[in-house]
Amino acid sequence: MDTFNASRRTFLKLGAVAGMGALGATALSACAPQKQGSAQSGATASASDVKWDGQFDVVVVGFGAAGAASAISAAEAGAKVLLVDKAPEGHEGGNSRFCAQLFVSITDKDKGIAHYQAQRGGFYTPDDVVETYVEGMMSTKELLVSWGLEKDRLVDVTDKGMANLTVEYPELPGADAVRTNFIDGYGKRELWRFLKQSVVDRKDKIDCWYESPAKALIQDADSGAIVGVTIEREGKKVNIAARNGVVMALGGFENSPFYQKTFLGHPKMFAHGTLFNEGDGLAMCQTVGAKLWHMASYESMGVGMTCEADRPRIGGAVPFFARGSIILVGGDARRYTAEDLEQRHGHREIGGTWMIPNRPERNIFIFDANQATTATPPYGNWSAGCVKEIASGKITEAASIAELAQKFSLDPATLQATIDLYNTSAASGVDAFGRQAKSMTALAATGPYYGIEMWPSILNTQGGPERTAKAEIVGANDKPIAHLYSAGEFGGVCANLYQGGSNMAECLVFGNIAGTNAAATKEDAFNAGEGLAYKPGCGDQSVLDQAPDETGLKSGQAAGMALGLGGPIWVKTTTEGAKITNIEILHQTETEGVGTVVFDLLPQAVIAAGTTEGVDIVTGATISSNGFLNAVKDAQSKL
C-alpha cells in the first residue's frame, strides 16, 4: 500500500508530527492512562473482568459509506465515536470509493414498497425492513443536505435523460416511483468524497483509526450485550469499550476465497471492487450468536465474468463479448448459453426468471481476427484492436481451431463442431440457445483465432448477519443482540434482484438508523470506568487536514494538490521558463495497478509536452488522471 515518500517530514505542514499516522503509545495513554497495553479479548466474558484500554460512546467498524453514515449520525446524536478500518488512509472506503456513486430515492411510499417487495420475490426480508428501507429512501437527499451537502449539487438521473441508469426492472410494480441520483456528475465519486470529508469535519466527535482491524466483539456473559471491540492497533490488541453500541459496517465477503466457495458456488471468482472486503465480521458476529441471511445473494457487472490478466477492478465490456464473431464455451468445448442475454447487475433472464446464472468451472470466449481487431476492446484500458494484448499473451492466439483448442486443453473435434454449428446458426438467424440474429456473425473459415479464459466476477455480496428495521443484528434465537447494529452490505437487505443505487442508498438509510440507535442512551449502558472516558485527540490525523508545504521551494518550483480517487494527490513541479521540466509525486493513495498507472505515464507526458495542455488521460483511470493533472495545474497556478 502507498505511503508518504521519504521527504514528507521536510515538505509537509504536519503540525504535531508525532501525532500523525498510527495512534502510538503516547496517544493511547490519553485514552487509557492507567491500562495501556493490557488487552484481553474474548467473545464472552464478564465485562467487569476485561482489562479495558479505552472507551467511546459508539464504536463503528468499517469506514465505507455505511460506516461513515453511521459515525456521522451517531455524532449528530451527541455521541463520541471511534471509527476503525483495516485499510490505510486513502484505501478505506470499501466498494463505496469504486462504485458509480448512484443512490436511490423514492417518490411514492406505497409504490416504492411494492417495487422492492417485487424485487425480493419469494426470498426472505421481512416486510417491516423493506418498508423502513423505502421510507428512508424517500428522504436520502434531505439526509445528505442535513449533513452539510449543498442542495444544488444533487442531480436526478431522470432529469438528465440517462434512462439506462434509472430503473433496472421497469416491468415490476411501482417502478415509476424509483429515482436514481448522484452528486455533481456521474461516476465522479463525489458521494464518497462528501462522506469522507464529513467524517473528517467532525473530528471533535469522531476519531478514526486506520490500519486497525477489529478482531473480536466483546460480549458480556451475564447480560449478552455487546460492550466493546478488540482492535489490533500498532501490532497490539486493545480492548475498546462502547457505552451504548457497536455498529458493524464491514461490507461484503467478495475477496474471501473460502466464503466465495462456501456460499456462492464457484471454485474461483474475482472481485471488481475493494481488496479489503474479506468477510472479517462474519466470524466475529457468529461468535456472539448472530444469524446469517442472504449469503447466496451477490451482484456482478458487464458480462458477469472477468479475465485474470486484468483483475480485480475492471469489468468486461458487453459489446465485445455479446455481439459479432465470438462464442462462449465451457470446459467441454460446447456453448451453454446465449452470449447476448441482457444483464442487470449480473442477473440474466433464464427460463423466465432473472437470476445470476450458474456457470461451469471453465469459461472461454473464442473469436476470430475480425472480432479482435475491429470490435470495441473488451476492457477500457486495452489497446485499440487488442494489438498489445495479443502480443503480450493476455489474449491467446493460434493459427487454427485445433491449435487454439490444444492451448486451452479443449477437445479439438468438439470445438470445431461447436463453431460449425454456431456458424450455421449465424447464417440462418436461428440459434438453439436463443441468441438474436443481429448479434451473430460467423467465425472466419481461416485463422488466426483467439481465446480469453474468464471466471465469474463479483461486484459485491449482500450476505451477512440478519438485521431488523432498527438496524439491530439478530441472534440465532431470532431476537436482537443487545447493543449490536449493522449497516450497508454487511448483511444487506437485498435478497434477490438488485436496483442500481440501492446499496449506496442502504448505506445512508441504515447507516443513519444504526448510528442514531447505537448512540441513544440506554438504561443498561455500559461503563468501563470513569478513568477511561473519551478524550479528544486519539485519532489519526487525516491527510485531508494537511497540505503541501510551500516554504523552502527554489525558484521555478511549486507545490500543488487535487483530489484523485483515493484522496489528495500532492505534487511538486519544477519549471524553466514556461516549460515544466520535472514533476515529483509527494503523496498519492490511488489504486495499485489501476490508478497508479497514471504516475508511470502522465509525468513523462507532461514533461515531454512542457505543459498539461493537450495531454490525454490514461484510459481506465480517468479520476486518477484528472487528479494528477489538476494537481500539476494547481502548482503551476502559484508561479
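The values are calculated or read from the model by the stated rules, or taken from the named source; none is laboratory data. Everything numeric in this text was worked out from a predicted model, so none of it was measured. Glycine gets a Cβ as well: all are built from the backbone with ideal geometry, and neighbour counts include every protein chain shown. When the accessible area is computed, the model is the full protein with side chains, heavy atoms only, and any ligands, DNA or RNA have been set aside. Shrake-Rupley method; radii C 1.70, N 1.55, O 1.52, S 1.80 Å.
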Distance from region 334-358 to region 103-148 (C-alpha centre basis), Å: 27
Inter-label distance, nm, simple model (7 Å from Cα along the C-beta direction), L292/A525: 3.5
Per residue accessible area of the chain, 1.4 Å probe, in Å²: 39
Cα-centre dipole for region 261-355 with unit charges at Cβ (Lys and Arg positive, Asp and Glu negative), debye to 20: 120
Low-density loop positions, GluC sites (Glu not before Pro), region 437-538 - DSSP coil, at most 14 other Cβ in 10 Å: E523
Using a Förster distance of 25 Å, the FRET efficiency for A283-K470 (Cβ separation, nearest 0.05): 0.55
Contour minus Cα-Cα distance for A578 and T622 (0.36 nm per residue): 13.2 nm
Extension reserve of the A444-A118 stretch, reckoned as 0.36 nm per residue once the Cα distance is removed: 112.9 nm
Cut-off 16 Å, label 7 Å out along Cα→Cβ of D156, residues of region 113-141 by amide N: 137-141
Efficiency of FRET from Cβ geometry, K51 and A605, R₀ 56 Å, rounded to 0.05: 0.50
Sites K109 and Q197 - FRET efficiency at Förster radius 41 Å, r taken between beta-carbons, to 0.05: 0.85
Gain on full stretching of the segment that runs from A427 to E171 - 0.36 nm per residue minus C-alpha separation: 88.9 nm
DSSP-loop GluC sites (Glu not before Pro) across region 560-610, with at most 14 other Cβ within 10 angstrom: E592
Base-10 log of normalised Debye intensity for region 220-339 (one unit scatterer per alpha-carbon) at q = 0.21 Å⁻¹: -1.31
Descending principal axes extents, the chain, alpha-carbon based, whole Å: 81, 71, 46
If the convex hull is drawn through the Cα atoms of region 364-411, its volume per residue in Å³: 75
Debye, to nearest 20: dipole size of region 204-310, +1 on Lys, Arg Cβ, -1 on Asp, Glu Cβ: 300
Helical mean residue ellipticity (222 nm; -39500 (n - 2.57) per DSSP H run of 4+; nearest 500) of the chain: -7500 deg cm²/dmol
Hz values of 3J(HN,Hα) by residue in region 621-636 - Karplus curve (6.51, -1.76, 1.60), Gly and Pro given as x: 9, 4, 5, 5, 4, 5, x, 5, 4, 5, 5, 5, 4, 4, 5, 5
In Å², nearest 10: area of M137 left accessible to a 1.4 Å probe: 0
Carbon + sulfur, % of accessible area of the chain - ligands and nucleic acids excluded, 1.4 Å: 51
Projected label distance in nm at M355 and A417, using a 7 Å step from Cα toward the beta-carbon: 2.8
For region 441-497, projected area of the alpha-carbon convex hull averaged over all directions, nm²: 7.1
Taking N as its residue count, the alpha carbon Rg of region 468-517 over 2.2 N^0.38 Å: 1.16
Neighbour cut-off at most 13 other Cβ (10 Å), DSSP loop, GluC sites (Glu not before Pro), region 285-392: E342, E361
Listed residues S624, Y186, T424: farthest to the positive end of the dipole of the chain (Cβ charges): S624
For the chain, with +1 on Lys and Arg beta carbons and -1 on Asp and Glu, the positive-most of T166, C386, F321 along the dipole: C386
Student exercise, the chain dipole from Lys, Arg, Asp, Glu Cβ charges, in Debye to nearest 20: 760
Rounded to whole Hz, the Karplus (6.51, -1.76, 1.60) HN-Hα couplings of region 540-554, x for glycine and proline: 6, 5, 7, 5, 5, 8, 10, 8, x, 7, 9, 8, x, 7, 7
